[in-house]
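The values are calculated or read from the model by the stated rules, or taken from the named source; none is laboratory data. This is a predicted model, so every value here is computed, not measured. All Cβ positions, glycine included, derive from the backbone under ideal geometry; neighbour counts span all protein chains shown.
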Amino acid sequence: MTTTDIPPAPAGPRPATPSPRRPRRRREGAAWVFLSPWVLGAVGLTVLPMAVSLYLSFTDYDMFNPPQWIGLRNYTQMFTEDPRYWRSVTTTLTYVVIAVPLQLALALAVALALKSMKRGKGFYRTAFYAPSLLGASMSVALVWRAIFNDGGPVDNLLGTGGWVSQPGWALLAVVLLTAWQFGAPMVIFLAGLQQIPGELYEAAAVDGAGKWRQFLSVTVPMLSPVIFFNLVLQSIQAFQVFTPAFAISGGEGGPADSTLVYTMYLYDRGFVASHMGYASAMAWVLLIVIGAVTAVLFRTSRSWVFYASEGDR
């Protein structure tokens, strides 16, 4: 019996294995599809307008004629030839230095009071947060102007005259309007207070620490990241204040430029006087200043912000 060798069957084409890159590319494509509205909005509403405003800051542009390149003349005029610009800078810095600490102090005080409450916490939390829901609306600012105007409730109660008509008091009315809307930082403070372990207060009480010492030695260090967050956020917003000062002063920044904050003067140069190139230069200076202040706050935070997870400052 003989055997014959059967030749092996010719190998057919192997089934194609999917490339591992294809699912990855599909996922990336789907991600870009979902991100495209945000990307288009960021480019069209933020990046391009910023680029245009940077170009306009080096031009003489009145919104009716083509912009003419003038180099650094807007910045030179701003810093050396415009005393009203420096009054707006001084007014804004005064406002920031007073309004931000006052608002944060009120927010922290109310948050501490709410934390210790046993009943009605939800109601009072909503009541204190309600003014922040109104925001810096023109209607609220106009009501505030009526309160502090001649013959208003404050004038009738204190007999000091209308604050909005006195250079020494008008800015304080704007500061109080900002401080009154402390709901947002209050809620953040309240959330931070609820995360502090109660054992720390018990240990401090055992060591003989009173309420004030517990506040300084336990509450403030443990709450310092939240304080820092609110400080940065409210400082940035304070540099951009516009509506309260505009409404209380009637859009003039008076009396005697006492409420002429930076953004109001920027608005005046750009949309009232039609010096859009000059206003663009002012906007970029404001952006640089806010960035510098934020960088300083982050730099100094290393010496006073305590992170419990790291165990150090």
Among the residues that make up the range 197-215, is at least one of them of a type in the set (Val, Ile, Thr) and within 27 Å of TYR129 (Cβ to Cβ)? no
Any residue in the range 222-240 that's polar (S, T, N, Q): show its pairings with residues that are at pLDDT below 95 and part of a loop (DSSP other than H, G, I, E, B) at Cβ separation under 7 Å, as long as the two are six or more apart or on different chains. SER224/TRP304; SER224/VAL305; SER224/PHE306
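Taking SER88, is it touching a Gly at 6+ places or on another chain (Cβ under 8 Å) and under 16 Å from VAL289 (Cβ atoms)? Working first, answer last.
On the way: touching a Gly at 6+ places or on another chain (Cβ under 8 Å): yes; under 16 Å from VAL289 (Cβ atoms): yes.
It is true that SER88 is touching a Gly at 6+ places or on another chain (Cβ under 8 Å) and under 16 Å from VAL289 (Cβ atoms).
Can you name the residue in the range 48-68 that is of a type outside the set (Gly, Ala, Ser) and in a loop (DSSP other than H, G, I, E, B) and, of all such residues, is surrounded by the most Cβ atoms within 10 Å (Cβ to Cβ)?
Residues of the range 48-68 of a type outside the set (Gly, Ala, Ser): 48-50, 52, 54-56, 58-68.
If we keep only those that are in a loop (DSSP other than H, G, I, E, B) too, we end up with 58, 61-67.
On the way: PHE58: 20, TYR61: 24, ASP62: 15, MET63: 12, PHE64: 7, ASN65: 9, PRO66: 8, PRO67: 17.
My answer is TYR61.
Only one residue in LYS115, LYS121 is under 23 Å from LEU233 (Cβ atoms), over 23 Å from the mean Cα position of the chain (by Cα) and at pLDDT below 90, so which one is that?
Working: LYS121 fails: under 23 Å from LEU233 (Cβ atoms).
The conditions single out LYS115.
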For the range 144-252, give me every one of the helices (runs of 4 or more DSSP H) that falls completely inside it and has 2 or more residues that are over 17 Å from ALA105 (Cα atoms) and among the aliphatic types (A, V, I, L, M). 153-158, 170-180, 198-206, 243-248
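Yes or no: VAL289 over 24 Å from TYR55 (Cα atoms) and of a type in the set (Val, Ile, Thr)?
Values: over 24 Å from TYR55 (Cα atoms): no; of a type in the set (Val, Ile, Thr): yes.
So VAL289 fails the test.
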Tell me yes or no: at least one residue of the range 82-90 is surrounded by fewer than 13 Cβ atoms within 10 Å (Cβ to Cβ), modelled with pLDDT of 85 or more and either farther than 25 Å from MET282 by Cα or over 27 Å from the mean Cα position of the chain (by Cα) (or both). yes
Looking only at the range 54-105, which residues are touching a residue at least 12 places away in the same chain (Cβ under 8 Å), within 30 Å of LEU177 (Cα to Cα) and among the charged types (D, E, K, R)? ARG84, ARG87
Condition first: crowded, with 16+ Cβ neighbours inside 10 Å, of a type outside the set (A, V, I, L, M) and out of contact with any Phe, Trp or Tyr (no Cβ under 7 Å at 6 or more places or on another chain). Can you find one or more residues in the range 202-213 that meet it? no
Looking at (1) farther than 22 Å from VAL143 by Cβ; (2) buried (at least 16 other Cβ atoms within 10 Å of the Cβ); (3) hydrophobic (A, V, I, L, M, F, W, C), which is the only condition ALA245 fails? (1)
In the range 162-210, how many residues are within 24 Å of GLN237 (Cα to Cα) and out of contact with any helix residue (DSSP H, G or I) (no Cβ under 7 Å at 6 or more places or on another chain)? 4
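Only one residue in SER249, SER309 is modelled with pLDDT under 95, under 30 Å from LEU193 (Cα atoms) and among the small types (Gly, Ala, Ser), so which one is that?
On the way: SER249 fails: under 30 Å from LEU193 (Cα atoms).
Criteria check complete, one pass: SER309.
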Say whether the condition of being assigned to a loop (DSSP other than H, G, I, E, B) and surrounded by 12 or more Cβ atoms within 10 Å (Cβ to Cβ) is met by at least one residue in the range 293-300. no
May I ask you to verify whether LEU260 is within 21 Å of the chain's Cα centre (by Cα), among the aliphatic types (A, V, I, L, M) and in a helix (DSSP H, G or I)? no
TRP38 fails exactly one of the following numbered conditions: (1) at pLDDT 90 or above; (2) loosely packed, with under 15 Cβ neighbours inside 10 Å; (3) under 30 Å from GLY270 (Cβ atoms). What is the number of that condition? (1)
Going residue by residue through the range 256-268, is there one that turns out to be touching a residue at least 40 places away in the same chain (Cβ under 8 Å), in contact with a Leu (Cβ under 6 Å, 6 or more places away or on another chain), more than 17 Å from LEU93 (Cα to Cα) and crowded, with 18+ Cβ neighbours inside 10 Å? no
Members of the range 121-153 that are free of Cβ contacts under 8 Å to residues at least 24 places away in the same chain and among the hydrophobic types (A, V, I, L, M, F, W, C): PHE123, ALA127, VAL143, ALA146, ILE147
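Test GLY71 against the criterion of being over 16 Å from SER235 (Cβ atoms) and either surrounded by 13 or more Cβ atoms within 10 Å (Cβ to Cβ) or modelled with pLDDT of 90 or more (or both), and give yes or no. If you could, list the steps in order and put the result at the bottom.
On the way: over 16 Å from SER235 (Cβ atoms): yes; either surrounded by 13 or more Cβ atoms within 10 Å (Cβ to Cβ) or modelled with pLDDT of 90 or more (or both): yes.
Here the answer is yes, as GLY71 does meet what is asked.
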